[in-house]
1. For the chain, which whole-number percentage of the solvent-accessible area (1.4 Å probe, protein heavy atoms only) is attributable to carbon and sulfur atoms?
2. Quickly estimate the mean residue ellipticity at 222 nm for the chain, helices only: each DSSP H run with n ≥ 4 gives -39500 (n - 2.57), and the total goes over all residues, rounded to 500.
3. If you stretched the chain out fully between A64 and E7, how much longer would it get, using 0.36 nm times the residue separation minus the C-alpha to C-alpha distance?
4. Before I look further, what does the chain give for accessible area per residue, probe 1.4 Å, in whole square angstrom?
5. How far apart, in nm, are the 7 Å Cα→Cβ label points at A24 and K80?
6. At a probe radius of 1.4 Å, what is the per-residue accessible area of E57, in Å² to the nearest 10?
7. Indicate the helices, whole DSSP H runs only, in the chain that combine a mean Kyte-Doolittle hydropathy of -1.0 or more with a Cα extent along their long axis of 27 angstrom or more.
8. Please report, in Å, the Rg and the Dmax of the chain, where both are computed over Cα atoms only.
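The values are calculated or read from the model by the stated rules, or taken from the named source; none is laboratory data. What you are looking at is a predicted structure, and each value in this text was computed from that prediction instead of being measured. Counting neighbours? That spans all protein chains shown, and the Cβs are built from the backbone with ideal geometry, glycine included. These accessible areas exclude ligands, DNA and RNA; they are computed on the full protein's heavy atoms, side chains included. Shrake-Rupley method; radii C 1.70, N 1.55, O 1.52, S 1.80 Å.
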Amino acid sequence: MTEIPEEQQSAALRAVADAGARRARLLAEAEKILNSEIKPAAVRAARLGAGRDRIRELGRIGPAMLYRWLEEAGLPVRQKRGSGGTGRRSTPT
């Protein structure tokens, strides 16, 4: 028996919907872990003097997220650099 195109499309769409639902569940779980486990642990590590690069590496988080958390926690955070590059002089003296 041969499947008609509509049946093939329906099966393919069911597979997309199933994968999408699984992905949504995993993303929700990841968000929960991020906010209830990683965030407080990262802030605590920073308070205890751990290096911020190491916190980011181990937590698998970006710098903007970490520094936002640290600011929210009242920890000192240096101001973001301007778009001027590395801060070195562009002309020799």
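1. Carbon with sulfur: 54 percent of the solvent-accessible area.
2. Value at 222 nm, helices only, nearest 500: -19500 deg cm²/dmol.
3. 15.9 nm
4. 86
5. Using points 7 Å along Cα→Cβ, the separation is 3.2 nm.
6. 110
7. The qualifying helices are 5-33.
8. Radius of gyration, then largest Cα-Cα span, for the chain: 23.0, 82 Å.
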